[in-house]
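Please read the structure below before turning to the comments.
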Amino acid sequence: MNIDGQGNRTLLPGDLIYEDVNGDRVINSLDQRPIGYAQGATPFLTFGFNAQAEWKGISLSLDFAGGSMQSLYRAGILRIPYDADWNSPEYLLTDRWHQADPYDNGSPWIAGTYPAVRKGYSSHSNYWNSDFWLTNIRYLRLKTLELGYTLPATVSEKIRASRLRVYVNISNLFSLDNVGKYQIDPEISATNAMVYPQQRTTMLGFNVSF
């Protein structure tokens, strides 16, 4: 079967093998079928919830948000090592098929998750669209955590205040998701992830009522 469109002359151990869906013994666009959810769109399923608790002047507030039923087709540097001469994620280089001795063509191959690196081979069959490069994203993120303390009235009265509260507010504290292994943020829609992820911020503050 002609997998790479070049009589399999470019294939190496660990390269991707595709299904000949239409049975013509040639792998090409006629074998492609729709997979995944809409690209670059918001998740079809989004949800969120919050929780609050208070005890003896101590207050805790949590806001969660999550999503599912959204697909990420890795592209650019997330799929092709050194694409456009950019750097590459560590996993594409360390967890790849490679020979034990890079200077000996007869040395044994060591298995990895990803195909052997080919600089300048962006059109190679390894990088054609397939479910190997597709991830259906699922995530739950703690969007906001706020921990506060309302000082006793005996303290606030010393500054002639009816209420004095101090707090710390942290946003984007952590995310439970299935794309952390790709070193990307689950809420990034760019297929090459070349945008700034959401930032974690910490704020300290106080509220005074007179």
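Structural remarks
- Segment V21-N207, extension gain: residue separation times 0.36 nm, minus the distance between their alpha carbons: 60.5 nm
- Sorting Y82, Y103, Y91 on solvent-accessible area from highest to lowest, probe radius 1.4 Å, gives Y103, Y82, Y91.
- Residues whose placed amide H lies under 5 Å from that of Q70, excluding near-sequence neighbours: F44, I137
- R0 of 35 Å, Cβ-Cβ distance S29-N105: FRET efficiency to nearest 0.05: 0.60
- Here's how it looks for I3: its modeled amide H is under 5 Å from those of N8, which are all 5 or more places away or on a different chain.
- Its DSSP H runs of at least 4 residues, each contributing -39,500 (n - 2.57), put the calculated 222 nm mean residue ellipticity of the chain at -500 deg cm²/dmol, to the nearest 500.
- Average projection area in nm² (convex hull over Cα atoms of the range 9-84, one quarter of hull surface): 10.4 nm²
- Proximity of backbone amide H atoms, modeled 1.01 Å from N, is registered between R96 and T113, Y114 at under 5 Å, excluding neighbours fewer than 5 places apart on the same chain.
- The candidate values were (i) -0.72, -1.24; (ii) -0.86, -1.19; (iii) -0.79, -1.15; the one computed from these coordinates for log10 I(q)/I(0) by the Debye sum over Cα atoms at q = 0.13, 0.17 Å⁻¹ carries the label (ii).
- Cα-based Rg of the range 53-159 normalised by 2.2 N^0.38 Å, two decimals: 1.96
- Pairs of Cα atoms nearer than 8 Å and 6+ residues apart set the relative contact order; for the range 126-210 it is 34 percent.
- Rg and Dmax, both from the Cα atoms of the range 92-210 and both in Å, are 25.7, 83.
- Pairs of Cα atoms nearer than 8 Å and 6+ residues apart set the relative contact order; for the chain it is 21 percent.
- Antiparallel %, DSSP beta bridges [both residues in the chain], to 5: 95 percent
The values are calculated or read from the model by the stated rules, or taken from the named source; none is laboratory data. Since the structure is predicted, the reported quantities are computational estimates derived from the model, not experimental observations. All Cβ positions, glycine included, derive from the backbone under ideal geometry; neighbour counts span all protein chains shown. Heads up: the accessible areas ignore ligands, DNA and RNA and are worked out on the full protein's heavy atoms, side chains in. Shrake-Rupley method; radii C 1.70, N 1.55, O 1.52, S 1.80 Å.
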